[in-house]
Each structure stands twice: as structure tokens, then as C-alpha cells.
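Here is the structure we will look at, set down as C-alpha cells.
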Amino acid sequence: MVTAMVDELILRNNNHIDTTCDIKMHGHVSWVGKSSLEITMYMSQHEKMFLETKFLMVARDASGSKSAVVHPLKLTSDADRKMFESGAARKLLYQIETAKESLFSTPPTVDEMNLVHYMFLQTLSSTSKSFSSRILPEHSAWMDSTKMKNAIVCFPQSRNVHNKVFGGFIMRMALELGWANAYSFTKKRPIPRAIDDIVFHAPVNIGALLLMSSQVCVVDPPYYLVRVRAEISNAKTGELTTSNVFHFTFESTPDEDPAEAEKIVPFVYPKTYGESMLYLDGRRRLAKQILRFKEEMEDI
């Protein structure tokens, strides 16, 4: 079994996790395809769930080069059938949304292009009358200045049963880099709130050099999104292969007055078209997360 994808992970009421008490973890198989399985996982404390996520696992044969058939899921109740149908619908919806919303294949909307142009005009000097004379608005930062990088040598203690680097190790190192970047960016301890879907594009071999680069993509105080890209470096050819792209949502609020979060979380501005696409992609992701946060607050 190998991990193909980790569905988005949202921390609910993570400010109230008691570090002195036990945390319960439980899960179950919620959907089965021909060679893949969806595993739903929960974490709870004091009978209150604070984390839910889903893992998409793929079965491989003994050689690891071909997919293997898995046993079908026996549905014995209406609840089982509803859960199974939800898993199939999630897979189809993910495929549709990925194809429709990817800025690699679909251009930005008219409103998004207007926003990019508006932000561009905000960074122009009103006196120079030049499109190349850029100034940074007050309490802001260029996206290019929010980068932080790391290089990791993958040792055998981080391997899985397939003699590849364990995906959980990559996820942890990406989170730590994103958190460090968020801390450096806001100068205040960040609170992780959500992680977008994690897709494993390529396996990482033992002994490989894993390069990680993080960048703050968009800010909507008190929330902001940090993107971390993990690449496998071929030392002989210099070729880079993307292993994962992570999107972490953090929150930073002042201790004195949470309403003044804008004072500690600077806004970010793109300089190039590529950075503008990163900004728009992050803006879409962050908007979805904030909407979920608001829905959760209404349910409490």
C-alpha cells in the first residue's frame, strides 16, 4: 500500500487541545475502488472531535510497478451505502474541480484579472508615470521576499516498506518549514488551521536530496496561506522533479486585541505574472478555508 493523496485536513478548536490529556485516533475504510481505498481518520479529545481527514491509498503488487486489485467493501446497511456513495462522489468532484480550477490549464476569471491589475496599480509611483517604477504600499511585503528554503538529505531511517522515503516524513518537514516561514513573516507564533489536499506526484528515493521552498502567497488577516514545494534534485544532471506541493493555512492574532490582526500580518504583493498566478491560486484556496471556519463557528 502506498499513499496517493491526503485529503484536506482541518483543525477544529485547536486552541483548546489539552496537551496533558490523551488524544484518541480512530478511522475506517470509507470507500473502495478497483485498486484504491479511502480511509477516513478522526482525532478527538474529551469526546470532542478536533481533526478529520481522508487518506487515498493505492495497492501495488510485490514488485511495486503495477497496481493490485483490492477486496470490495461489503455494504450491509443504509449508512454504509451512503458513506460509500459519498466517497465515490468526492473522487469525481475532486477530478472535476482540479481540471476546472487549475490555473495551469484555465485562465483567471475577469474579476481576478481586474484584481491583479488593481494591485499592480497600487504599486506604481504616482509621480514617475512609469510602469517599471514599483513601490511597496505601507505595511506590505513583496511575495518574493517571503521565501524560505531548506535542503534535506533522505536517510534510511525515514524509509517505508517499499524502500522509499515515508510520506509522513515529507509532510512533517514541509509543515515545519511552512511554520518557520510563517513565524518569520509575522514575528508572532502562528497557529496551523488547515492543510489543503496533499498529492504525492513522485516517490523519493533513499539518499535523494530533497529541496523545499516555501512562500507566503496570500493574506486575509488574521489568516494567511503558505505554499511549500518539495522537489527531488538529481545531483548528476541537476534535474528537479516535483514530489509534493503543500498549502498550509495559518492564523496569527495579537494577544491584546484580535481585531487588530492587520497590524501583525502584512499584506503581500506580486511583482511578476507568475507570482500573480500563485496569489490567485492561494486566494481561491484561502477563501474556501475561511468559509469553512465561519461555518464551524456558526455550528458551535
Inset, instruction - Scan the range 1-42 for residues that are farther than 18 Å from Ser67 by Cα, among the basic types (Lys, Arg) and either part of a loop (DSSP other than H, G, I, E, B) or touching a Phe, Trp or Tyr at 6+ places or on another chain (Cβ under 6 Å) (or both) and jot them down. - result: Arg12
Legend entry - Single match in Thr242, Thr237 (criterion: of a type in the set (Ser, Thr, Tyr), farther than 24 Å from Arg292 by Cβ and assigned to a loop (DSSP other than H, G, I, E, B)): Thr237
Inset, instruction - Could you give me the residue pairs with C-beta distances under 7 Å whose first residue belongs to the range 113-132 and is free of Cβ contacts under 8 Å to residues at least 40 places away in the same chain and farther than 14 Å from Phe267 by Cβ, whose second residue is open to solvent by 90 Å² or more (accessible area, probe 1.4 Å) and acidic (Asp, Glu) wherever it lies, and which are 6+ apart or on separate chains? - result: none
Inset, instruction - For the range 181-201, name all the residues that are at pLDDT 95 or above and open to solvent by 40 Å² or more (accessible area, probe 1.4 Å). - result: Tyr183, Ser184
Inset, instruction - Write out, first by first residue and then by second, each pair whose Cβ atoms fall under 8 Å of each other, whose residues are 6+ apart or on separate chains, and whose first residue, in the range 40-55, is touching a residue at least 40 places away in the same chain (Cβ under 8 Å) while the second is open to solvent by less than 60 Å² (accessible area, probe 1.4 Å) and of a type in the set (Phe, Trp, Tyr). - result: Leu51/Tyr42; Glu52/Tyr42
Legend entry - Tabulated pairs, the range 265-286, first of a type in the set (Asp, Glu), second open to solvent by less than 30 Å² (accessible area, probe 1.4 Å), C-beta under 8 angstrom, 6+ apart or interchain: Glu275/Met143; Asp281/Cys217
Inset, instruction - Might you let me know whether the range 90-113 holds any residue that is among the hydroxyl-bearing types (Ser, Thr, Tyr), more than 26 Å from Gly167 (Cα to Cα) and modelled with pLDDT under 90? - result: yes
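Do you know which residues across the range 204-214 are crowded, with 17+ Cβ neighbours inside 10 Å and of a type outside the set (Val, Ile, Thr)?
Scanning the range 204-214 gives Ala208, Leu210, Met212, Ser214.
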Inset, instruction - Might you check whether a residue that is outside any loop (DSSP other than H, G, I, E, B), modelled with pLDDT of 90 or more, touching a strand residue (DSSP E or B) at 6+ places or on another chain (Cβ under 7 Å) and surrounded by 10 or more Cβ atoms within 10 Å (Cβ to Cβ) occurs anywhere in the range 71-86? - result: no
Inset, instruction - Scan the range 43-67 for residues that are open to solvent by 70 Å² or more (accessible area, probe 1.4 Å), in a strand (DSSP E or B) and under 20 Å from His26 (Cα atoms) and jot them down. - result: Lys48, Met49
Inset, instruction - Filter the range 248-271 down to residues that are at pLDDT 95 or above and either over 25 Å from Gln122 (Cβ atoms) or of a type in the set (Ser, Thr, Tyr) (or both) and give me whichever is most open to solvent (accessible area, probe 1.4 Å). - result: Tyr269
Inset, instruction - List the number of the failed condition for His162; all other conditions in (1) at pLDDT below 95; (2) farther than 19 Å from Asp144 by Cβ; (3) open to solvent by less than 30 Å² (accessible area, probe 1.4 Å) hold. - result: (3)
Legend entry - Among residues of the range 111-159, those that are of a type outside the set (A, V, I, L, M, F, W, C), farther than 23 Å from Gln215 by Cα and open to solvent by 80 Å² or more (accessible area, probe 1.4 Å), counted: 8
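The values are calculated or read from the model by the stated rules, or taken from the named source; none is laboratory data. These figures come from a predicted structure and were not determined experimentally. Cβ atoms come from the backbone with ideal geometry, glycine included; neighbour counts cover every protein chain shown. The protein model used for the area step is the full one, side chains on, heavy atoms only, and it has no ligands, DNA or RNA in it. Shrake-Rupley method; radii C 1.70, N 1.55, O 1.52, S 1.80 Å.
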